[in-house]
Amino acid sequence: MDVRQSIHSDHARTLDTTGLRREFLIERIFSENDYTMTYSHIDRIIVGGVMPVTKSVSVGNEVGKQLGVSYFLERRELGVINIGGPGIIRVDGKVYEMQHRDGLYVGKGAREVVFESTDTANPARYYYNSAPAHTTFPTRRVTPADVSPQTLGDDVTSNRRTINKYFIPDVLETCQLSMGLTELAPGNLWNTMPCHTHERRMEVYFYFAMDEDSCVFHMMGQPQETRHLVVRNEQAVISPSWSIHSGVGTRAYTFIWGMVGENQVFDDMDHVAVRELR
């Protein structure tokens, strides 16, 4: 488990590129036949990926020991979105078939979560977020047909995108975790511009569906103290509540957003006009 401490905004503005990447960028999400796990002290979110290829993968009791509990989800909920090939997730013995871009919400108290692929030549790639939970809501699969889509932006401003809301109150109940997948239209490069902050929630962006030679310039920092990170395919950025979170790519890309915090009101944002950015 990679542990990241909270970073004050005054500290963040003093960091160089290496320091920013060390504190906020998660460079490796997937590892063959294994899971990765990054624990952030910012609202205690856990971020990672599971990539079973030739064998199943499960999170062992060693994670429970690190979290001070008996097992991983004893006091946590879990959100998973599959960005790879077909697979299966077994939750306490119950089987959930997971196609490309299917999501699975796993409620607090699930003791055993096992990840599998059904095609070793095209393995599943399960990206996940986990948050502390106070009660148990039912485990449920969410398909692309179930999500709540919203198309925003315009080709003229190069920010036309469709936001697919997987785990939000309009789709299913969770304790605090919200997740979704945003896809830029071909020829569009910007996400979340004009940008915003939200003091009541932190957020993690996971960028994918990018070519080897592509990248995203992820904008972060306070609106009048902006910085940037160069992000490659299948990397993630931890965004504190005081930071903007917006990116421009060398070509269109897709990203998964995950939020935890005080509320689940998607539109609870503190908008920042472009003219106010520095």
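Taken together, the values in this text are just the output of simple stated rules run on the coordinates, not laboratory data. Because the structure is predicted, anything quoted here is derived from the model rather than measured. Neighbour counts are summed over all protein chains in view; Cβ atoms, including those assigned to glycine, are modelled from backbone coordinates with ideal geometry.
Tally up the residues in segment 18-33 that are more than 19 Å from the chain's Cα centre (by Cα), touching a residue at least 12 places away in the same chain (Cβ under 8 Å) and outside any loop (DSSP other than H, G, I, E, B), please.
1
With the requirement that a residue be among the hydroxyl-bearing types (S, T, Y) and more than 18 Å from the chain's Cα centre (by Cα), what does segment 240-275 give you? Show your work before the answer.
Of segment 240-275, the ones among the hydroxyl-bearing types (S, T, Y) are 241, 243, 246, 250, 253-254.
Residue satisfying the conditions is T250 alone.
In the set E203, E173, which member is outside any strand (DSSP E or B), closer than 27 Å to H41 by Cβ and not hydrophobic (A, V, I, L, M, F, W, C)?
E173
Looking only at segment 107-122, which residues are touching a strand residue (DSSP E or B) at 6+ places or on another chain (Cβ under 8 Å) and not in a strand (DSSP E or B)?
G107, K108, A110, E112, T118
Name the single residue that is surrounded by the most Cβ atoms within 10 Å (Cβ to Cβ) among those in segment 210-239 being closer than 16 Å to I83 by Cα and under 14 Å from the mean Cα position of the chain (by Cα).
A236
Which ones in segment 50-72 are without any contact (Cβ under 8 Å) to a residue 60 or more places away in the chain and more than 11 Å from Y35 (Cα to Cα)?
Passing the criteria: K55, N61, E62, G64, K65, L67, G68, V69, S70, Y71, F72.
Any residue at all in segment 93-110 that's aliphatic (A, V, I, L, M), farther than 20 Å from V171 by Cβ and more than 20 Å from the chain's Cα centre (by Cα)?
Yes, there is a match, as at least one residue in segment 93-110 is aliphatic (A, V, I, L, M), farther than 20 Å from V171 by Cβ and more than 20 Å from the chain's Cα centre (by Cα).
Could you go through segment 147-163 and let me know if any residue there is outside any loop (DSSP other than H, G, I, E, B) and closer than 28 Å to Y39 by Cα.
Yes; the residues of segment 147-163 include at least one that is outside any loop (DSSP other than H, G, I, E, B) and closer than 28 Å to Y39 by Cα.
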